[in-house]
Amino acid sequence: MADEPLILVLDEGTTSTRAMLFTPAGKVAAVAQQELTQHYPQPGWVEHDAAEIWDKTLACARRAIADAGGVGRVAAIGIANQRETVVAWDKASGKPLSRALVWQDRRTADDCARLKAQGFESDVQAKTGLLLDPYFSATKAAWLIRHREAVAGAAAAGRLALGTIESWLAFKLTGGLHVSDASNASRTQLLPLDAPQWDAGLCDLFGVPLHALGEVTDCCGLFEKTLPEWFGAAIPLTGMIGDQQSATIGQGCLSPGDVKATYGTGAFVLANMGARLPRSAHRLLGTVLLQAGGQRSYALEGSVFVAGSLIKWLRDGLGLIASAAESEELARSVSDSAGVVVVPALSGLGAPHWRPEARGIVTGLSFSSGKAHIARAALEAMAAQTHDLARAFAADGAAWRHLRIDGGMSANDWMAQDIADLLAIEVERPDMVETTALGAAMLAAVGAGLFSSLGDAAKSMRGPAQRFSPAMDEATRATRTNAWAQAIAAV
Ligand code: ADP
């Protein structure tokens, strides 16, 4: 329909910012994208320019709206964003006070180690679901206050605003609304999983002034309208959610037990836990999946540091393959990996091992090992790492019934089948793999009243999926998992 409403999604990734317009049937009406500058001032430091993020967001949104025929049909805006990244800005001028510290930034590793040595980790984990790690926002925000004069000055004057990317964009879009949706707020390490607002004790522990944080809100509903000057008309902002939670919604994982895995550079697995507070004894993270109508649902989360980046390394580092897709051809060209096992700990091991200092190995090499065996073993490592996560989730009371996959690497059919085989569960891959943007579109559509529930939005907006059913015999599965366990032990 020419006049059906459109939902504008601002998909704020780490390497790019994108604007996408969705129809209520889940079709993409327009897309615009721009790369973001990555600043690496020192090893382990990663920064973004928040003003650049805002400028490029605005430019992409305007481009996409123009391409789709103008602002008249745009009914709502939703944001899905890179999580944990911290922006400090001046509430009065609306200008950033320093560069944003990106989730990948490790500069607060010593601060985390000190808090751990002082015995704070178990308390922090019990309250927030998160481990003490530089990944999360709290130590980053405190670092900015300690090391950036402009940030400290604004804090002293009561003009400091701190927030994650959705918070920054909501402020700019609306001309001053300072909020943080519960899914993003739960990644800061300052929000208890079961409390509606920030925790003063955690703010004290990390050294983050409570007055600099915006109000914690639902992920959907009418927040406020955008300033008319941005798009030529005021558009209601009705959805905000962290990218991984958004992909979980976009995958239709709306019921407890539903699980999705995104295979990109790394791999992120989230399991819907419903209203049950996620507690992990296996170093998985507990997080807010969604807050709507003041009610929270939760997720258990585990991430693997190295997934697609291993294939990229086979291509660029070793020159073993010419393209990522060639890994699939090679894997299919042999009947097994001939005993070769790759443990892709190239930048440490994530959940459930949490060994950032670990390094990768290749075991079982012989003169008959060829590049096809190594490529196959590299892909097999994805199923093996996912299997480790599945076991940890099950041990934490969140056994997987099936798995929905997405991300650039999920295009590999051989890998998708291998995951189904090794985990002995049904794997499903949607044809429309932009699940992160789709989740925010579904939320914003519900927030704008286009659908009465996420279930209805999912029915209308989610498209068909391809299924991969397990077909591996038990003996092969046991051989594979034993070989992997031995290789992991060696790491
Ligand atoms: P990110 O969002 O983290 O940047 P993407 O979701 O775009 O990552 O996925 C890109 C990654 O997937 C790259 O690391 C690439 O090596 C890997 N990849 C892409 N296609 C394939 C394929 N057919 N087989 C294996 N790996 C692939």
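Here are the numbers:
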quantity	calculated
Mean accessible surface per residue for the chain, computed with a 1.4 Å probe while every protein chain stays in place, in Å²	37
Gain upon complete extension [Gln33, Arg279; 0.36 nm per residue less C-alpha separation]	84.8 nm
log10 of Debye I(q)/I(0), alpha-carbon scatterers only, for the chain at 0.10, 0.13 Å⁻¹	-0.74, -1.24
Cα convex hull volume per residue for segment 6-243 (Å³)	111
Proximal charge balance of Ser410 [Cβ under 14 Å; K/R count +1, D/E count -1]	-3
Neighbourhood charge, 14 Å Cβ-Cβ cut-off, centred on Glu149 and excluding it, Lys, Arg +1 and Asp, Glu -1	+3
Between segment 170-239 and segment 428-486, the Cα center-to-center distance that results, in Å	28
Rounded Å value of the spacing that divides the Cα centres of segment 65-95 and segment 388-416	32
CD proxy at 222 nm, helix term only [per DSSP H run n ≥ 4: -39500 (n - 2.57); per residue of the chain; nearest 500]	-10500 deg cm²/dmol
Rg [Å, one decimal], Dmax [Å, integer] - segment 315-400, C-alpha atoms	14.4, 44
With every protein chain in place, segment 6-243: carbon and sulfur % of accessible area (1.4 Å)	52
Principal-axis tilt of helix 371-395 within the chain, Cα atoms, nearest 10 degrees	60
Rounded to 10°, Cα long-axis angle of helix 50-67 versus longest principal axis of the chain	90
Packing rank of 379-388, 259-268, 108-117, 161-170, where each peptide gets the mean count of other beta carbons within 10 Å, highest leading	161-170, 379-388, 259-268, 108-117
DSSP beta bridges in the chain [antiparallel fraction, %, rounded to 5]	70
Segment 257-296-segment 107-137 distance, computed between alpha-carbon centres (Å)	19
The chain: angle of helix 137-147 to the longest principal axis, Cα-based, in degrees nearest 10	60
Mean Cβ neighbour count within 10 Å, used as a protection proxy, ranking 288-301, 469-482, 77-90, 223-236 highest first	77-90, 288-301, 223-236, 469-482
Net lengthening on full extension, Arg355/Asp204 (0.36 nm per residue, minus Cα-Cα)	51.5 nm
15 Å beta-carbon shell around Leu160, net charge (K/R +1, D/E -1)	+4
Accessible surface of segment 325-414 [probe 1.4 Å, protein heavy atoms]: carbon and sulfur percent	54
Contour minus Cα-Cα distance for Arg62 and Ser122 (0.36 nm per residue)	17.0 nm
Hits among lysines - C-alpha to C-alpha of Lys371 under 28 Å, sequence gap 8 or more where chains match	Lys312
Eligible lysines near Lys140 by straight Cα distance, threshold 17 Å, same-chain separation 8 or greater	Lys116
Net charge dipole size for the chain [Lys, Arg +1 and Asp, Glu -1 on Cβ; Debye, nearest 20]	380
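The values are calculated or read from the model by the stated rules, or taken from the named source; none is laboratory data. Note that this is a predicted model, so its numbers are computed, not measured. Neighbour counts run over all protein chains shown; Cβ positions are idealised from the backbone, glycine included. Surface accessibility is based on the protein's heavy atoms, side chains included, excluding ligands, DNA and RNA. Shrake-Rupley method; radii C 1.70, N 1.55, O 1.52, S 1.80 Å.
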